[in-house]
Amino acid sequence: MIGVISYLPKDKKLRDVRRRNHEKQLKWLTKLFPNETINIVAQGYEDDDLFPYKTINYIRFAEGIGPTESRNILLKQFYRHSDDSYLFLSDDDVLSYPYYDADRLIYDIYRGKKVYDIDILLPMMPQHTPFKELNLRHEVEMYYNLVPSNANNCPNMMLYRRQSKERYYKQNVDLLHEDAIPEDSRFIVDAIADGLKVYKCECWIKNSLDIIKSVIFSTDESTNKQQHMVLVQNLTRYCQENYNSANLTTFVKQYSKAIPIRIRRDVEYILPENLKTITRRSSHRNKKLFSGE
């Protein structure tokens, strides 16, 4: 099942930007998942905001209901009205960079063509990780490499495997409050603590189109970064108080059940020039990182 949460603010300038970016996402999604229904919780949409894709199922609300309730609507539909093994759950402003042929792996896992013990799969955030060097080091031409996800990897785009019990997001929070714990990061932390195997794919690189055009955070880059730093600090405190972990790195070491997975590609990936800008390091130092395919 495909699920997207979307909100169009009343501010015309910001609304137009977010609608254009959502259209870019939909072009990518319909190419990645042809003939799949895309369920969109559409908040604040007028009739002329609806996109004319035949595969879209709109669940409309006149006003914003918040990301938690929106995601939970899609989760409930997934649990109770879908037979799919995975839910592809996303915000309306993210897609993949066209790197490393990662979309092929995402589609194959989603469709069950490749079956692995993965409860949640997240992309890499290029703002946090120098992914070119990492992928060169881990022989991305021959392998897809999946590693345990860090606790604060923003899950606004993910593959989520059906669970034996229904899991939902906690209540909506004011993310600008000084004590706010982001509900999406809390969902990942609690999932890891409960034993779910949460991975990130090193070659699945997330393109966040509205990272400085948020309807919640400041559009000033410096202020935006500071606001997100506060959320990371609050998430760290949550792990300290609830899971007795000194920091987010320690939390993952204590609780993560994910073991690195190395998947041999069916066809060797030919690196384009823009992804060969880092000098390759010796591969010997990483041979013990991954267990079999």
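Taking the stretch 14-56 only, how many residues are of a type outside the set (A, V, I, L, M, F, W, C), within 18 Å of ARG104 (Cα to Cα) and surrounded by fewer than 18 Cβ atoms within 10 Å (Cβ to Cβ)? Count: 5. Restricting the stretch 127-169 to residues that are within 21 Å of ASP92 (Cβ to Cβ) and out of contact with any strand residue (DSSP E or B) (no Cβ under 7 Å at 6 or more places or on another chain) leaves a set whose member that is surrounded by the fewest Cβ atoms within 10 Å (Cβ to Cβ) is GLN127. Of everything listed in (1) outside any loop (DSSP other than H, G, I, E, B); (2) charged (D, E, K, R); (3) touching a Phe, Trp or Tyr at 6+ places or on another chain (Cβ under 7 Å), the single unmet condition for GLU141 is (1).
Just checking, does the stretch 256-275 include any residue being modelled with pLDDT of 90 or more, in a helix (DSSP H, G or I), farther than 18 Å from GLU139 by Cβ and hydroxyl-bearing (Ser, Thr, Tyr)? Taking every residue of the stretch 256-275 in turn, none turns out to be modelled with pLDDT of 90 or more, in a helix (DSSP H, G or I), farther than 18 Å from GLU139 by Cβ and hydroxyl-bearing (Ser, Thr, Tyr).
Scanning the stretch 215-247 for residues that are crowded, with 17+ Cβ neighbours inside 10 Å, of a type in the set (Gly, Ala, Ser) and either closer than 29 Å to GLU133 by Cα or at pLDDT below 65 (or both) yields a total of 0.
Here is a check on your reading of the model: is GLU63 in contact with a strand residue (DSSP E or B) (Cβ under 9 Å, 6 or more places away or on another chain), of a type in the set (Asp, Glu), touching a residue at least 40 places away in the same chain (Cβ under 8 Å) and within 30 Å of LYS10 (Cα to Cα)?
Values: in contact with a strand residue (DSSP E or B) (Cβ under 9 Å, 6 or more places away or on another chain): yes; of a type in the set (Asp, Glu): yes; touching a residue at least 40 places away in the same chain (Cβ under 8 Å): no; within 30 Å of LYS10 (Cα to Cα): yes.
Here the answer is no, as GLU63 does not meet what is asked.
If you scan the stretch 100-138, which residues turn out to be assigned to a loop (DSSP other than H, G, I, E, B), closer than 15 Å to ARG161 by Cα and among the charged types (D, E, K, R)?
Of the stretch 100-138, the ones assigned to a loop (DSSP other than H, G, I, E, B) are 100-101, 112-119, 125-130, 138.
Imposing the further condition that a residue be closer than 15 Å to ARG161 by Cα reduces the set to 112-119.
Correct list: LYS113, LYS114, ASP117, ASP119.
Count of the stretch 39-69 residues, restricted to those that are in contact with an Asp or Glu (Cβ under 9 Å, 6 or more places away or on another chain) and within 23 Å of LEU121 (Cβ to Cβ), is 5.
The values are calculated or read from the model by the stated rules, or taken from the named source; none is laboratory data. Since the model is a prediction, treat every value here as computed from it, not as a measurement. Quick reminder, even Gly has a Cβ in these numbers, built from the backbone with ideal geometry, and neighbours come from all protein chains shown.
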